[in-house]
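To keep things clear, I will list the structure first and then write my remarks on it.
The values are calculated or read from the model by the stated rules, or taken from the named source; none is laboratory data. Since the model is a prediction, treat every value here as computed from it, not as a measurement. For neighbour counting, all protein chains shown are included, and Cβ atoms are generated from backbone atoms with ideal geometry for every residue, glycine included.
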Amino acid sequence: MKKTKINLLGRDVGKTQTKIQTPQKRKYRQSIFVLLFAFVILFFEIAFLFTFYQNLTQTAQELATQKDQLTKKFLSLQDEVSNLRDQRPNRSQTKLPKLEMLETFRSKEMLKTLSEISDQIPQNAWMSYVAMKDFKLTLQGFAVHHKDISIFMKSLEKVSLLKNVQLMLAEKSMLNKNIIHKFTIICDLEKT
């Protein structure tokens, strides 16, 4: 009898030898890959640092030129301010007319004058408007008779700060079916 061999593993099992790679060759290939990767990363880092420092020096130069320009502008503005200070008149010596008028209006004498005016109004007359502009006092009001207006004007001439009392307007008006006289008086104020 003849023995028959049956190969259940396949054709190549007994005939070929499998090569087993040694760990040294595998380490050598891995170390080349790691070394190449490290060089690539190092190259990118060097390129980044080079461009960063180049941009940094360029930015520093731009900032230095801007600082010089701003310094020049600041110095020119300082010169202009000093020139304007030299040209400005001394404010303590010169007063503006509006401020003088305000000081006059706020003074005790002016308040006393307004009080005197209100005391001088006749019984049959009343004031509707009082204004002051450029040392001129304007008084507007109403009276029952013309005689009340003339009495009021004569009493205004006696008030201490008023001078040059003038009647600018006197006209008839109606109020609740009664005839009244509207008047406007202008006076000059003496400067105190």
| Top-ranked residue in the range 168-182 [being on the phi < 0 side of the Ramachandran plot and among the basic types (Lys, Arg); ranked as modelled with the lowest pLDDT] | Lys172
| Looking at Leu84, Leu63, which one is at pLDDT 65 or above and exposed (fewer than 10 other Cβ atoms within 10 Å of the Cβ)? | Leu84
| task | Inspect all residues belonging to the range 132-144 and state whether any of them is loosely packed, with under 11 Cβ neighbours inside 10 Å, of a type outside the set (Phe, Trp, Tyr), closer than 24 Å to Lys112 by Cα and assigned by TED's automatic domain parsing to the domain that holds Leu111. | result | yes
| Condition check for Gln123: assigned to a strand (DSSP E or B) and not β-branched (Val, Ile, Thr) | no
| said: Among the numbered criteria (1) charged (D, E, K, R); (2) loosely packed, with under 14 Cβ neighbours inside 10 Å; (3) farther than 15 Å from Ile117 by Cα, which one does Lys158 miss? | reply: (3)
| request: Taking the residues in the range 127-151 that are basic (Lys, Arg) and part of a strand (DSSP E or B) as candidates, determine which candidate is nearest to the chain's Cα centre (by Cα). | output: Lys133
